[in-house]
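One structure below.
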Amino acid sequence: MSFAERLKALRKRKGYSQTELAELIDVHYTQISRYERSETMPNAQVVVNIAKALESTVDYLVSGPSLVSGTAETVVIQLNHPKAMQLLSALEELDLIHILKKNMRSSQKLSDKYAGKLSVEAGEQILQYINQSREEWERPM
């Protein structure tokens, strides 16, 4: 996927027209069309502005998804909230992550399965982050 294709996909995912994105980043709307048709590349500051407006990263816009040293890091997460699954599915569609689905027995808890693999402090920080995230997910929009 090229810069132009990633730009267009991210813009559409956010629901912006070319004109709306252009207004957000303070360029003429025809520039967005030219970027998306690969007729020209924006300068570095415009790429930064696009990344911010589309809630992406400069690295993703310019280079696409990347793997560190050719390998991916695997993170195990147990999800029970449909909004969280929707978010992860959206990230997968953008080629930012790959979801490996494995159903666990309902009686098995991640805390039991991975006991002793994290320090108590790291576990507490993760739990605090999870609780804060749950509160944010459950807030009405």
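Here, each number is a calculation from the coordinates, and none is a lab measurement. On a predicted model such as this, the values are computed, not experimentally measured, just so you know.
Expressed in nm to one decimal, what extension gain is obtained for the pair ILE99 and SER33 from 0.36 nm per residue of sequence separation less their Cα-Cα distance? Write out the running numbers ahead of the final one.
Working: separation 66, 0.36 × 66 = 23.76 nm, distance 3.23 nm.
Taking 0.36 nm per residue and subtracting the Cα distance, the gain is 20.5 nm.
Subtracting the Cα-Cα distance from 0.36 nm times the residue separation, let me have the gained length for VAL62 to VAL120 in nm, one decimal. Before the final figure, lay out the partial values.
Details: separation 58, 0.36 × 58 = 20.88 nm, distance 3.87 nm.
Gain on extension, VAL62 to VAL120, equals 17.0 nm.
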